[in-house]
Amino acid sequence: MGVRGDRLLSLVLLLQARPSAAAPELAERLGVSVRTVLRDVEALSGAGIPVYTERGRGGGIRLLDTYRTGLAHLSHAEGAGLAVGQSRLAGDLGLGDALDTALEKLTGAGGRALRGGLAEGRSHVLVDVDPWMRSGEPVPHLPAIHEGLLRGRRLRLVYRDSRDERETRTVDPAGLVAKAGIWYLVTAEPALLRVARVEACEALPDRAARPPGFDLAEAWAALREGVESRPRQLSVTVRVQPAAAAMARRLLARHLRGPAAGTDRWELAFNGVAHAVGSLIGLGPRVEVLDPAPVRAAMREAALAVAALYQAGENG
């Protein structure tokens, strides 16, 4: 099928996905001019497809609802968008528009019943992939990593680790995982890299060495188990405001070493000072670090830095 044939079929499927659409809207979705859309409508009508235009307010280009092509005719990018499924995550990968178009095409091919079911489902169920008290991390290099992964290329990354040290790594990408709104790159070793910590990405001409029979779900399960079972070496004692106990318990559940019932002093465990500060600073005065001294001092420095930032804004 040629370029125009692809476009004509896409036009039919877009019209099936909605009762009526304006020519400028269709032109934008198809990446052509309004005049081209109108010519395509004439061509479809001449070929016996029941498409017509309605003038006046509320008018547009319409297709008889009883007409079905029986095909979704999805592009490679649209298929990749469907594999991700969730709109925010597809947007991170640069596939947000492709996912929307794929859903429109599938809805069009399914007809009125599928269109109604999709609309009803969207009005009753919302999937929010971000954890409480935190939005998704910026991942500007995720589309490049995803593209290199799909092309089977080795990647040269500038990576900032959890100790804030930068290094250049050459990796064989094996898969991407989104966990609670956080993206991770699984490498062939296997190893786990947090995509938000990637500061530069270059796809190399070398082929990535993805192991034969590699199973991303199995690799992720093993890596996740290693992270979850990793012993936390730093013990931190905090005082929790009684009014904030329920919220703090929910946010710090993974770090708890079991606060005694009826006490405001909790024992927590972290991987290091930076990990502790990053986990506790957002709770503000609701949680006070009592011990050890290095964590208390680091919390004080972080709080002063935030206060100085806003003080400078007031003075400016």
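The table that follows gives values for the structure above.
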{"quantity": "Matching entry among 191, 200, 178 (being at negative phi and crowded, with 17+ Cβ neighbours inside 10 Å)", "calculated": "178"}
{"quantity": "Index of the failed condition, residue 45 passing every other in (1) touching a helix residue (DSSP H, G or I) at 6+ places or on another chain (Cβ under 9 Å); (2) more than 30 Å from residue 182 (Cα to Cα); (3) modelled with pLDDT of 75 or more; (4) among the hydroxyl-bearing types (Ser, Thr, Tyr)", "calculated": "(1)"}
{"quantity": "Any hit, segment 58-68, residues being modelled with pLDDT under 80 and under 28 Å from residue 150 (Cα atoms)", "calculated": "no"}
{"quantity": "Residue list for segment 167-185, restricted to those being out of contact with any helix residue (DSSP H, G or I) (no Cβ under 6 Å at 6 or more places or on another chain) and modelled with pLDDT under 90", "calculated": "179, 180, 181, 182"}
{"quantity": "Segment 234-293, residues that are without any contact (Cβ under 8 Å) to a residue 12 or more places away in the chain and more than 34 Å from the chain's Cα centre (by Cα)", "calculated": "260, 261, 262, 263, 293"}
{"quantity": "Matching residues, segment 264-273, being in a loop (DSSP other than H, G, I, E, B) and under 13 Å from residue 235 (Cα atoms)", "calculated": "271, 272"}
{"quantity": "Where a residue in segment 156-173 is on the phi > 0 side of the Ramachandran plot and in a strand (DSSP E or B) and its partner, wherever it lies, is among the aliphatic types (A, V, I, L, M) and modelled with pLDDT of 95 or more, with Cβ under 9 Å and at least six apart", "calculated": "none"}
{"quantity": "Pick from segment 274-304, criterion in a strand (DSSP E or B) and of a type in the set (D, E, K, R), ranking: farthest from residue 233 (Cα to Cα)", "calculated": "288"}
{"quantity": "Inter-residue pairs, beta-carbon under 9 Å, first in the same structural domain as residue 181 (by TED's automatic domain parsing) and modelled with pLDDT under 70 and in segment 125-141, second part of a loop (DSSP other than H, G, I, E, B) and acidic (Asp, Glu), 6+ apart", "calculated": "none"}
{"quantity": "Considering residues of segment 1-49 that are among the hydrophobic types (A, V, I, L, M, F, W, C) and in contact with a Gly (Cβ under 6 Å, 6 or more places away or on another chain) only, the residue surrounded by the fewest Cβ atoms within 10 Å (Cβ to Cβ)", "calculated": "22"}
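Matching residues to (1) touching a strand residue (DSSP E or B) at 6+ places or on another chain (Cβ under 9 Å); (2) at pLDDT 85 or above; (3) at negative phi; (4) among the hydroxyl-bearing types (Ser, Thr, Tyr):
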site	(1), (2), (3), (4)
240	yes, yes, yes, no
279	yes, yes, yes, yes
293	no, yes, yes, no
307	no, yes, yes, no
313	no, no, yes, no
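The values are calculated or read from the model by the stated rules, or taken from the named source; none is laboratory data. It should be emphasised that the depicted structure is a prediction, and the values quoted were computed from it without experimental measurement. Note that each Cβ is placed from the backbone with ideal geometry, even for glycine, and that neighbours are counted across all protein chains shown.
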